[in-house]
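Comments concern the structure below.
Throughout, read-outs are computed from the coordinates displayed, never taken from laboratory work. This one's a predicted model, so the numbers in the text were calculated from it and none came from an experiment. Using ideal geometry, Cβ is built from the backbone for each residue, glycine included, and neighbour counts are taken over all protein chains shown.
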Amino acid sequence: MKIAIVCYPTFGGSGVVATELGLELALRGHEIHFITYRQPVRLALLNNNVHYHEVNVPEYPLFHYQPYELALSSKLVDMVKLHNIEVLHVHYAIPHAYAGYMAKQMLLDEGINIPMITTLHGTDITLVGNHPYYKPAVNFSINKSDYVTSVSQSLKEDTCKYFNISKEIEVIPNFIEIKNHDFTEQKVCKRSVMAKSSERIITHISNFRKVKRIPDVIDIFYKIQQQIPSKLMLVGDGPEKARAEYLCETLGITDKVIFFGNSNEIDQILSYSDLFLLPSETESFGLAALEAMAWRVPVISSNTGGLPEVNKNGVSGYLSDVGNTDEMAQNAITILQDMNTLEIFKNNAYQLAKTFDIENILPIYENLYQRAIANK
Ligand code: GMT
């Protein structure tokens, strides 16, 4: 099939999911066209099956806001015609579903009927999408999509709660590639640079937005390190990073915290981590937690949104109410206090991650594309 994928090219989860999905589809012989404003971070190599088309937005002084949606929908029209693309898959409703719908209409005008699938990822529904300034347009473009998917049951329920949805929403969970997880040599060497062998390594990866509750991450770690020698790896960048640095300084733990910024070495960092923290305010799925679990890293998370669909309490880690950092720290200590317990949680995390193997999820997307093309 010839599939166009529209996504954000950044480090965020929706962009990662879209890119990994496209790459895996290409490996199976489908022709994939990524259409976005920058080459996606996880899209290293282009080949016969993987194409990237950049959306350019010419700057014009009259515009206070440059019209990205206009440029994107025009690019979609051009690319669909040029490459005979059969199906359009947009990730993150804002503004992609809106731009996709406009492209669909323009193409219809020329006698081309292209089905559009919209995948909802989380903040496009729970934080940004239901803002009154965006809501009518988001509601409209979800209902005008030919197929709508959400990455968790919880997100589906939130979408139906916040919006007036007339379309069936299919839940297709996020996935992970379980193969190729061998960094044995690097793991030993890099770990020894970060921490003593007697110290446990605790990791958090995110975009450092408010929703991730970074002060909770630091508070949990502060309590853990009072009882268990440990180091905190903070990976990612965003608006809350300066506050995190300040908090670590105030608590006197700067020498125990390493800030990596946006890193392309996520796999290596996770390969030597002992515990992952994700105490978010809301999380439609928690791809970062799943990535950790695939590296045999147990997860301490909040019990919000789709997290209970990924992290199982007492099995792959523990879940607590948002903000209950005392309980989160206590649960972390339970996991870390002896090697036997840690090993059991590590194995469980890995076993659970395997149920989200891309091998299980990809056929669901392929089936959806086939239906979309057949029923157009
Ligand atoms: O909040 C983020 O981490 C970024 C955001 C995004 O849109 O890229 O992530 C959302 O989509 C991910 C992939 O489906 C999910 O794993 C995240 O849980 C979701 N974030 C939130 O719901 C806050």
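Restriction of the trypsin sites (Lys or Arg not before Pro) in the stretch 213-280 to DSSP coil positions whose beta-carbon has at most 12 other beta-carbons within 10 angstrom yields no sites. The helix-only estimate of mean residue ellipticity at 222 nm for the chain, built from DSSP H runs of length n ≥ 4 each weighted as -39500 (n - 2.57), is -14000 deg cm²/dmol after division by the residue total. Extending 7 Å from the Cα toward the beta-carbon at both residue 74 and residue 197 defines two label points whose distance is 6.2 nm. Straight-line cross-link reach from residue 223 at under 16 Å between alpha-carbon atoms covers these lysines, not counting any fewer than eight positions away in the same chain: 231, 256. Pairwise alpha-carbon distances in the stretch 184-354 exceed 20 Å for 45% of all pairs. Charges were assigned to the Cβ only: +1 to each Lys and Arg, -1 to each Asp and Glu. The resulting dipole of the stretch 184-354 about its Cα centre is roughly 280 debye.
Explain nothing, just the number: relative contact order of the stretch 184-354, from Cα pairs under 8 Å at least 6 residues apart, as a whole percent.
Numbers: 316 pairs, mean separation 38.2, N = 171.
Relative contact order comes out at 22 percent.
Pairs 156/354; 190/212; 167/354; 75/144: which are spaced more than 29 Å apart, C-alpha to C-alpha? Cα-Cα > 29 Å for 167/354; rest within.
With q set to 0.10, 0.11, 0.14 Å⁻¹, the log10 of I(q)/I(0) for the chain, from the Debye formula over equal scatterers at the Cα positions, is -0.65, -0.78, -1.18. Shown is the FRET efficiency for residue 140 and residue 321, computed with R0 = 56 Å from the Cβ-Cβ distance and rounded to the nearest 0.05: 0.95.
In percent, rounded to a whole number, the relative contact order of the chain is 13, using alpha-carbon pairs under 8 Å and six or more apart. Taking other residues whose beta carbon is less than 12 angstrom from the beta carbon of residue 309, and scoring Lys, Arg as +1 and Asp, Glu as -1, yields 0. Think of each Lys and Arg Cβ as +1 and each Asp and Glu Cβ as -1; about the Cα centre, that makes the dipole of the chain roughly 60 debye.
Electrostatic tally near residue 130: other residues with Cβ closer than 12 Å to its Cβ, Lys and Arg +1, Asp and Glu -1, net 0.
Name the GluC sites (Glu not before Pro) in the stretch 41-131 that are in a loop by DSSP and that have at most 10 other C-beta atoms within 10 Å, would you?
59, 110
Charge tally for residue 257 (other residues, Cβ to Cβ under 9 Å; Lys, Arg +1; Asp, Glu -1): 0.
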